[in-house]
Amino acid sequence: MIADLGHGSRDDASLPVAPDLAPAMAIADDGDENATVVAPREYEIVGWRTVYVSALSILIGALAAIVAQVFLRLIGLATNLAYYSRFSTEFVSPAAAHRSVITLLLIPVIGGLVVGLMARYGSAAIRGHGIPEVMHRVLYGESRIQARLMILKPTSAAIAIGTGGPFGAEGPIIATGGALGSVIGQIVHVTADERKTLLAAGAAAGMAATFGSPVSAVLLAIELLLFEYRPRSIIPVALASAVAASIRVLFNGSAPVFPIANLHQPSDSALAFYTLVGALVGLAAVGVSRFVYATEDVYERVGERLRIHWMWWPAIGALTVGSLGLVEPRILGVGYSNIIGALSGTIVGRALITLVVLKFLAWALYLGSGTSGGILAPLFTLGSGLGAWLGGVGADLLPTVGIDPRIAGLVGMAAIFAGATHALLTSIVFAFETTRQPVGLLPLLLGCSAAYLVALLSSRFSLLTEKLARREGAVHTEYTVDHLAHVLVRDAASRNVISIPSSQKLGEVRSWLGSMGNEKGAASHQGFPILDEDSLLVGVVTRRDLLDAEKSDELEVGALVKRRAAVVYEDNTLRDAADHMVLEGVGRLPVVRRDNSRIVVGMISRSDLLRAHAPRLEAAREMKRSSIWGP
């Protein structure tokens, strides 16, 4: 007879309570060819694959650090050739060059022409500042990047920056490091997830090799590339970042990139002011992002209307750079010295705000043209300058509060990073690592959090994700703990399961489905476990199998079982069950005991998985009061 395996409701307290186990990932089989069932295999937090990927990441970190040094020397070579007519790889600023007005005006234009030609006939992927392009490959391209970008991207960026482009070196280095990791991940046999880790390891190594900031580089990879916090990805990325930072020390020493001396612990009133500075700079970050993309739109519309190919746009943008460079030469090139000047207090007042405004215009108008260059150094220049200027104004208006313009500049530098990229933790730790000033940590936490809040309230997308949103339509860069991974199968499975003996005739089952099925709840069942004479699981058949008109009524139900049953244990999570359903191509799973995988105690279906989200949605949306004195 058709049997009911029900033992009560889903809340049946008589069920054994298994100890919590490590999360499990459903993969195909337990390896036993003779097994009757296919159960999820236990998930390993780390394993030998993690060791293998870590070894590859160490190699990638070392190579990325060397690539960073080569790239910086390429920028130096391009700058020396263009502005000083000498063959040297020394990293210098174009600001001190003594050339004619026409020459200073044309040098950026020539660089823009070269970059446009490289993008047209080399690869259009070199356009932009690098990080959004890497993010796109991670989110939508299985972390695959073309090998030629390892050459074209740094070369084009070196030409653009070396000929006066007001960009940072770090964006192209991050993109090149990511490309290096991706290419190695395409050469060796790895999964798409492991390739993403290798790409992130190369990108983090590029940032660590540029600024000597290994911890913030790891956080950057987590917040902007990995969108996860798992040991199997973080460990390789951390190793690559540490190796790159160590190699950087061999070339550049261990001194902080942006040194600030003799900072004093701020008062509570000063902390409140620095929080306000962060909020204002966060608002400025939103404006910066909108202006950059508005500039891109103008190039698109004008280029289409006048039929000017995008290859020529960088040269047009470079003309603006050359013109503004005649007014303020310090806006040309990377401009790390400008950041140091704002943070140390050597550039102040009107000179500082003039530098900020002209740097912003030159950078945004040139970047919007589709040239090749980074955004971080320009953002740091804008943020540190704006913050230091606000700090100077505040110190004059509130002399008794103890406002330090240098701390305000530090907060501004990190806050504009947080507001523009939505990478809160990265911005705070980066500012600390590049200055080594623990006094600044509390102001940084307050200021960056305020900037992050203001930026999110003002704009859904960041400077990095706006382009992705325009291209793909939807970008979600938040990461949360999987709700299904915290719910056990035994808490969501249906216990009132109707089973069918394997020896039952198909005609009898069909008759039962037609006459008695609705009364016994069979109407809601789309799959039925088939049991042998010892009430042990043989397999699962669907309602469609049972009603197949081509099957004879005299056929035993057990003959319909063609494959091993995919099952799940009571102490597996719903994430295990969902993954197992996908991998096995089924919509329901028998729930079995851990000590005997052929004893069925319940069923879990896709509908059960969906219902399990109800408490999560209720907790997120429903507002209600609770008693503080008891349950």
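The values are calculated or read from the model by the stated rules, or taken from the named source; none is laboratory data. None of the values given here were measured: they were computed from a predicted structure. Quick reminder, even Gly has a Cβ in these numbers, built from the backbone with ideal geometry, and neighbours come from all protein chains shown. Surface areas here come from the heavy atoms of the whole protein model, side chains and all, with no ligands, DNA or RNA. Shrake-Rupley method; radii C 1.70, N 1.55, O 1.52, S 1.80 Å.
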Tell me yes or no: at least one residue of region 330-346 is farther than 18 Å from ARG406 by Cα, part of a helix (DSSP H, G or I) and in contact (Cβ under 8 Å) with a residue 12 or more places away in the chain.
yes
Using the structure shown, decide if GLU223 is under 26 Å from ALA431 (Cα atoms), out of contact with any strand residue (DSSP E or B) (no Cβ under 8 Å at 6 or more places or on another chain) and not in a helix (DSSP H, G or I).
no
For the condition touching a strand residue (DSSP E or B) at 6+ places or on another chain (Cβ under 8 Å) and touching a residue at least 60 places away in the same chain (Cβ under 8 Å), what is the one hit in PRO172, PRO214?
PRO172
If SER254 satisfies all but one of (1) buried (at least 24 other Cβ atoms within 10 Å of the Cβ); (2) not in a helix (DSSP H, G or I), what's the number of the condition it fails?
(1)
Only residues that are open to solvent by less than 10 Å² (accessible area, probe 1.4 Å), outside any helix (DSSP H, G or I), among the polar types (S, T, N, Q) and under 23 Å from GLY317 (Cβ atoms): list them for region 124-182, please.
none
Any chance ILE428 is aliphatic (A, V, I, L, M), at pLDDT 95 or above, open to solvent by 10 Å² or more (accessible area, probe 1.4 Å) and within 18 Å of VAL257 (Cβ to Cβ):
yes
Can you tell me which residue among LEU386, LEU410 is over 21 Å from ARG436 (Cβ atoms), at pLDDT 95 or above and either assigned to a helix (DSSP H, G or I) or open to solvent by 30 Å² or more (accessible area, probe 1.4 Å) (or both)?
LEU386
Taking THR400, is it among the hydroxyl-bearing types (Ser, Thr, Tyr), within 15 Å of the chain's Cα centre (by Cα) and open to solvent by 30 Å² or more (accessible area, probe 1.4 Å)?
no
Could we say that ALA217 is open to solvent by less than 10 Å² (accessible area, probe 1.4 Å), farther than 22 Å from GLY141 by Cα and assigned to a helix (DSSP H, G or I) here?
yes
State yes or no: is THR210 in contact with an Asp or Glu (Cβ under 7 Å, 6 or more places away or on another chain), open to solvent by less than 30 Å² (accessible area, probe 1.4 Å) and either closer than 20 Å to GLN69 by Cα or modelled with pLDDT of 90 or more (or both)?
yes
Within region 27-47, is even one residue out of contact with any Pro (no Cβ under 8 Å at 6 or more places or on another chain), at pLDDT below 90 and under 25 Å from VAL218 (Cα atoms)?
yes
Single residue of region 494-508 satisfying the filter (aliphatic (A, V, I, L, M) and more than 22 Å from SER552 (Cβ to Cβ)) that is farthest from the chain's Cα centre (by Cα):
ILE498
State whether the residues of region 395-404 include one that is outside any helix (DSSP H, G or I) and without any contact (Cβ under 8 Å) to a residue 24 or more places away in the chain.
yes
Based on what the data block shows, is PHE258 aromatic (Phe, Trp, Tyr), farther than 15 Å from ALA65 by Cα and within 26 Å of the chain's Cα centre (by Cα)?
no
For region 65-118, the count of residues that are surrounded by 18 or more Cβ atoms within 10 Å (Cβ to Cβ), among the β-branched types (Val, Ile, Thr) and closer than 20 Å to ILE247 by Cβ equals 2
Just to be sure I understand the filter: pairs with C-beta atoms under 6 Å, separated by 6 or more residues or on different chains, first member in region 227-239 and modelled with pLDDT of 90 or more, second member open to solvent by 30 Å² or more (accessible area, probe 1.4 Å) and part of a loop (DSSP other than H, G, I, E, B). Which pairs pass?
PRO231/ILE45; PRO231/VAL46; ARG232/VAL46
Select from region 433-443 the residues that are assigned to a helix (DSSP H, G or I) and in contact (Cβ under 8 Å) with a residue 60 or more places away in the chain and write down the one among them that is farthest from GLU228 (Cα to Cα).
VAL439
Matching residues in region 349-368 (more than 16 Å from GLU133 (Cα to Cα), open to solvent by less than 10 Å² (accessible area, probe 1.4 Å) and not charged (D, E, K, R)) number 6
Apart from one, (1) outside any helix (DSSP H, G or I); (2) more than 21 Å from PRO378 (Cβ to Cβ); (3) not aromatic (Phe, Trp, Tyr) all hold for ALA272; the odd one out is (1)
Among the residues of region 488-534, the number that are at pLDDT below 85 and of a type in the set (Val, Ile, Thr) is 3
Some residue of region 224-233 being buried (at least 17 other Cβ atoms within 10 Å of the Cβ) and among the acidic types (Asp, Glu)
no
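Rundown of residues vs (1) on the phi < 0 side of the Ramachandran plot; (2) touching a Ser or Thr at 6+ places or on another chain (Cβ under 6 Å), yes/no style:
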{"site": "VAL257", "(1), (2)": "yes, yes"}
{"site": "ASP268", "(1), (2)": "yes, no"}
{"site": "ALA272", "(1), (2)": "yes, no"}
{"site": "ASP297", "(1), (2)": "yes, no"}
{"site": "GLY303", "(1), (2)": "yes, no"}
{"site": "GLY333", "(1), (2)": "no, yes"}
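Residue check: is VAL292 in contact (Cβ under 8 Å) with a residue 60 or more places away in the chain, within 21 Å of ILE416 (Cα to Cα), outside any loop (DSSP other than H, G, I, E, B) and open to solvent by less than 70 Å² (accessible area, probe 1.4 Å)?
yes
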Single residue of LEU425, LEU446, LEU453, LEU457 found to be free of Cβ contacts under 8 Å to residues at least 12 places away in the same chain and part of a helix (DSSP H, G or I)
LEU457
Counting only residues that are of a type outside the set (Phe, Trp, Tyr) and open to solvent by 10 Å² or more (accessible area, probe 1.4 Å), give me the strands (runs of 3 or more DSSP E) lying completely in region 536-631 with at least 3 of them.
537-542, 600-605
Failed item, numbered, when THR421 is tested on (1) more than 19 Å from PRO266 (Cβ to Cβ); (2) among the polar types (S, T, N, Q); (3) at pLDDT 95 or above:
(3)
